[in-house]
Amino acid sequence: MKLLVCVSKTPDTTTKIALSADAKALDTNGVQYILNPYDEWYALVRALELKEAQGGTVTLINVGPVTNDAIIRKGLAIGADDAVRINAEPTSAMYVAQQIAAFAKDAAYDVIFLGKETIDYNGSEVGAMIAELLDMPFISYASHMDMNGNIATIARDIEGGTEAVEVHAPFVISAAKGLAEQRIPNMKGIMMAKSKPLAVVEPIAVEEATSLVGYELPKPKSAVKLIDPDNMGELVRLLHEEAKVV
Amino acid sequence: MVLVFAESQKGQFKKAAFEAVTYGYKTAQALGTDCAALVLGTVNGTEMLGKYGANRIYHIADSSLDQFDSQVHATVVATAAQQLGAQVVILSHSMNGKAITGRLAVRLNAGSVAGVNSLPVVEGNVLKVKKSVFSGKAIAEFAMNSSVKVLSLTGNSLPPEEVGGAGMVETLAIPVPASRTTVKDVKRIEGTVPLPEAELVVSAGRGMKGPENWAIVEELADVLGATTACSRPVADAHWRPHHEHVGQTGIAIRPNLYIAIGISGAIQHLAGVNNSRTIVVINKDPEAPFFKAADYGVVGDLFEVIPKLTEAFREFKAQS
C-alpha cells in the first residue's frame, strides 16, 4: 500500500501565547513547536501499522519552511520511510490543501492520512479540501479502522456515538484518539531518520481568499470566587442569579 | 442571500441548526439581504426554521441524504448555493459540518473560516470573523474577500433567537450523486444530551479515587439535568467510557456550566473546556491549577461537598 501522512507543525499546548507589537503575528520567542499530536500519535502510527501488516510505504508531507525539518525528522524516526516538504509558509487551510493535492494528484496513494484537526486553529478543513481537490471520499474523526484488501471499515466519531462506514481506497481519513497508540521514537529510529530521504518541493501558486487580520488576547479571567463548602446553597444561588446558567 | 445548512439528526433539527439560522439571519441583516435555510433528507417541521429568521426554507427531501457522506452532502449544498446565488454559506461546526466546510470552500471557490464564535463584520465585499485559537489562549480575526464565503459556527456561541413567523418551505430539485461510502451501523448513547451539545456538564477526575465512587457524580448530573464527562486519566484507566473524555485529545466542549470535580486542571484538560461560559471547580487542593481558570471554587473533600451540592440543587429545583 502506498500511504501518505500529512503532518503539521503546531505550538505545544503548554506554550504561553504572546503577540507581536502590532498583534498581527505570534511572538514566536520561546514558543516550543511540535508535530501536531493527532497527525503524529494516531494518523502516522495507524499508517505504519498498515504498512507492517500489508507491506508498502509511508511518506510524510508537510507544508512549511526549512525550520520544520526537525519535526519532520521526528516523524521519520517514528518510522515513516521518506518525507516531502513543500517549501512555503502555510498561510491558510486552502493553501496547504492545494499544495498537498498538487503533490498527491498523480502519485496514486491508496490512503491519505491526517489528524482530525490541528491543536492551534482546530479548523478541520484541510482533509476535506484535499479530498475534494482529488475527488476522493473523506472519512473524518476516525477512531478505528480495519483494512481488508482495498476495503476499509472505519468507525467515525459523531455527536454522542460512532458511525461505522465502509469505503474503498483511495480515500482521505482524519484520525481521532483511538485510531492507534502513540509511539515514542527509539534511538535506532532516530539514527536511521538522519539518512532517510527528505525531498524539498517548491510550491504551486494558489489564489487565496482568506487571510489572517490579526490576534487579540482574551480578557483576563477575574479571580475565582471561593464558596464555603458548607454553604452549597450559596453556590446554587450565584449560578442562578449571577452567572445565570441554571 | 445568506444560505444556512440546517443540520438534522434522525428527522429532527439539532439545536446547532437553530443557532446557525439565528447567525445567518443576523449576518443577512448586516449584509442587507435575506436569509434562507437548506434542509437535506427526511426532516419533520422544516417550517419552524422561519421562527429563527429564515425567510425561505429549501428542502431536498431525497431519503438517500439521510445517510451522511461528506462528498454527497457538499456537492448538494454547493449546487444549491450556486442555484440560489448565495453570497455566504453557513454551517454548524459539528462533526458533519467539519467534514464538508472544506469541501464547500473548494467547490465554491470560496474563502472559508471554520469554527467562528461571533458575528461577522461587513466591510464592502470583505467579511471579517473571529474564532478562538491556541486552546483559547488567543482570538484570531480572519478576512474573506471572495464573492462567496463559507463559515462554520462553533456550537453554543450564540443563543437561538425567535424573530419571525413560519417560513415558506419550497422543495428544491437537485440531483443527489451516488455515494461512494456505505454507513453500516450507527451507535449512539441514548437518553443523554451528547457532550458536544450539552449546556450543563458535570465532569470528574482522579480525585474520585475509583470508578465505584461515581454514583454521587451521576446523581448530581441527574438532578441538574447535566451530561457527565471525565478527565483523560480516568478514561485511560477505563474508570469511565472514552466518549466521556473531554480535553485536548478527547473532545472540546463549551457548555454554559462546567463543574469540575477532583480534576487538577492540567493545560491539556483546560484546552478542551476553557471556553465554557461558567466554570466551577471542586477540589481539596487549594493549589490545584484549575482554580485559576474557574469562576467559582470550592476547596473541600468532594465526597462531602458533592452530596451537599446535589441537595442544594434539588431544593432549588423544587422551588423554581
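The values are calculated or read from the model by the stated rules, or taken from the named source; none is laboratory data. The structure displayed is predicted, hence computed values, not measured ones. Heads up, the Cβs are rebuilt from the backbone with ideal geometry, glycines too, and the neighbour counts pull from every protein chain shown. Quick note on the areas: whole protein, heavy atoms, side chains included, nothing else; ligands and nucleic acids left out. Shrake-Rupley method; radii C 1.70, N 1.55, O 1.52, S 1.80 Å.
For the stretch B:189-205, filtered to residues that are charged (D, E, K, R) and within 13 Å of the chain's Cα centre (by Cα), the residue that is nearest to residue B:261 (Cα to Cα) is B:199. Pick from the stretch B:220-231 the residues that are crowded, with 20+ Cβ neighbours inside 10 Å and not β-branched (Val, Ile, Thr): which of them is nearest to residue B:290 (Cα to Cα)? Once the filter is applied, the top-ranked residue is B:231. Taking each residue of the stretch A:129-149 that is at the interface with another protein chain (Cβ under 7 Å from one of its Cβ atoms) and looking for partners that are surrounded by fewer than 19 Cβ atoms within 10 Å (Cβ to Cβ) and not hydroxyl-bearing (Ser, Thr, Tyr) with beta-carbon atoms closer than 6 Å, six or more apart or interchain, yields A:137/B:180.
Being under 16 Å from residue B:7 (Cβ atoms), of a type outside the set (D, E, K, R) and touching a Phe, Trp or Tyr at 6+ places or on another chain (Cβ under 7 Å) narrows it down to one residue among B:114, B:81, B:99, B:140; which is it?
B:99
Which of the residues belonging to the stretch A:67-88 are free of Cβ contacts under 8 Å to residues at least 60 places away in the same chain and not polar (S, T, N, Q)? Hit for the stretch A:67-88 is A:70, nothing else. Quick one: would you say residue A:30 is on the phi > 0 side of the Ramachandran plot and either of a type outside the set (Gly, Ala, Ser) or surrounded by 15 or more Cβ atoms within 10 Å (Cβ to Cβ) (or both)? Against the criterion (on the phi > 0 side of the Ramachandran plot and either of a type outside the set (Gly, Ala, Ser) or surrounded by 15 or more Cβ atoms within 10 Å (Cβ to Cβ) (or both)), residue A:30 does not qualify. Within the stretch B:232-252, residues that are open to solvent by 10 Å² or more (accessible area, probe 1.4 Å) have Cβ atoms under 8 Å from residues that are of a type in the set (S, T, N, Q) and part of a loop (DSSP other than H, G, I, E, B) in these pairs: B:232/B:249; B:248/A:13; B:248/B:135; B:252/A:122; B:252/B:275, counting only partners at least 6 apart in sequence or on another chain.
For (1) at pLDDT below 95; (2) within 13 Å of another protein chain (Cβ to nearest Cβ); (3) farther than 30 Å from residue A:144 by Cα; (4) open to solvent by 60 Å² or more (accessible area, probe 1.4 Å), each residue gets a yes or a no:
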position	(1), (2), (3), (4)
B:157	yes, no, yes, no
B:161	no, no, yes, yes
B:178	no, yes, no, yes
B:184	no, yes, no, yes
B:187	yes, yes, no, yes
B:194	yes, yes, no, no
B:200	no, yes, no, no
B:214	no, no, no, no
B:218	no, no, no, yes
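Taking first residues from the stretch A:164-180 that are modelled with pLDDT under 95 and partners that are open to solvent by less than 30 Å² (accessible area, probe 1.4 Å) and not basic (Lys, Arg), the Cβ contacts under 7 Å between residues at least 6 apart in sequence or on separate chains come to A:177/A:42; A:177/A:143; A:177/B:249; A:177/B:250; A:178/A:143. Restricting the first residue to the stretch B:210-221 and requiring it to be in contact (Cβ under 8 Å) with a residue 60 or more places away in the chain, which pairs with a second residue that is part of a helix (DSSP H, G or I) and open to solvent by less than 50 Å² (accessible area, probe 1.4 Å) meet a Cβ separation below 6 Å and a spacing of at least six or different chains? Listed pairs, sorted by first residue: B:216/B:306; B:219/B:310; B:220/B:306; B:220/B:310. Within the stretch B:109-134, which residues are open to solvent by less than 20 Å² (accessible area, probe 1.4 Å) and either among the small types (Gly, Ala, Ser) or closer than 19 Å to residue B:31 by Cβ (or both)? Once the filter is applied, which keeps residues that are open to solvent by less than 20 Å² (accessible area, probe 1.4 Å) and either among the small types (Gly, Ala, Ser) or closer than 19 Å to residue B:31 by Cβ (or both), the stretch B:109-134 yields B:110, B:111, B:112, B:113, B:114, B:115, B:116, B:120, B:127, B:129. Within the stretch A:93-108, the set of residues being open to solvent by less than 20 Å² (accessible area, probe 1.4 Å) and either within 14 Å of chain B (Cβ to nearest Cβ) or basic (Lys, Arg) (or both) comprises A:97, A:99, A:100, A:101.
Here the condition is being open to solvent by 10 Å² or more (accessible area, probe 1.4 Å) and within 27 Å of residue A:147 (Cβ to Cβ); of A:81, A:22, A:12, it holds for A:81 alone.
Being within 12 Å of chain A (Cβ to nearest Cβ), touching a strand residue (DSSP E or B) at 6+ places or on another chain (Cβ under 9 Å) and either under 23 Å from residue A:93 (Cα atoms) or not acidic (Asp, Glu) (or both) is a property that does not hold for residue B:167.
Each residue in the stretch B:85-95 was checked for being open to solvent by 40 Å² or more (accessible area, probe 1.4 Å) and under 17 Å from residue B:21 (Cα atoms), and 1 of them qualify. Of the strands (runs of 3 or more DSSP E) lying entirely inside the stretch A:118-233, the ones with 1 or more residues being surrounded by fewer than 16 Cβ atoms within 10 Å (Cβ to Cβ) and of a type in the set (Ser, Thr, Tyr) are found at A:210-216.
Per the listing B:75, B:79, the residue uniquely under 18 Å from residue A:131 (Cβ atoms), among the polar types (S, T, N, Q) and touching a Pro at 6+ places or on another chain (Cβ under 7 Å) is B:75. Considering the conditions (1) within 14 Å of chain A (Cβ to nearest Cβ); (2) surrounded by fewer than 23 Cβ atoms within 10 Å (Cβ to Cβ), residue B:50 is excluded by exactly one of them, (1). The condition (being touching a Lys or Arg at 6+ places or on another chain (Cβ under 9 Å), within 9 Å of chain A (Cβ to nearest Cβ), modelled with pLDDT under 95 and open to solvent by 10 Å² or more (accessible area, probe 1.4 Å)) is satisfied by just one residue among B:137, B:98: B:137. Of all residues in the stretch B:261-320, those that are more than 7 Å from chain A (Cβ to nearest Cβ), of a type in the set (A, V, I, L, M, F, W, C) and part of a loop (DSSP other than H, G, I, E, B) total 3.
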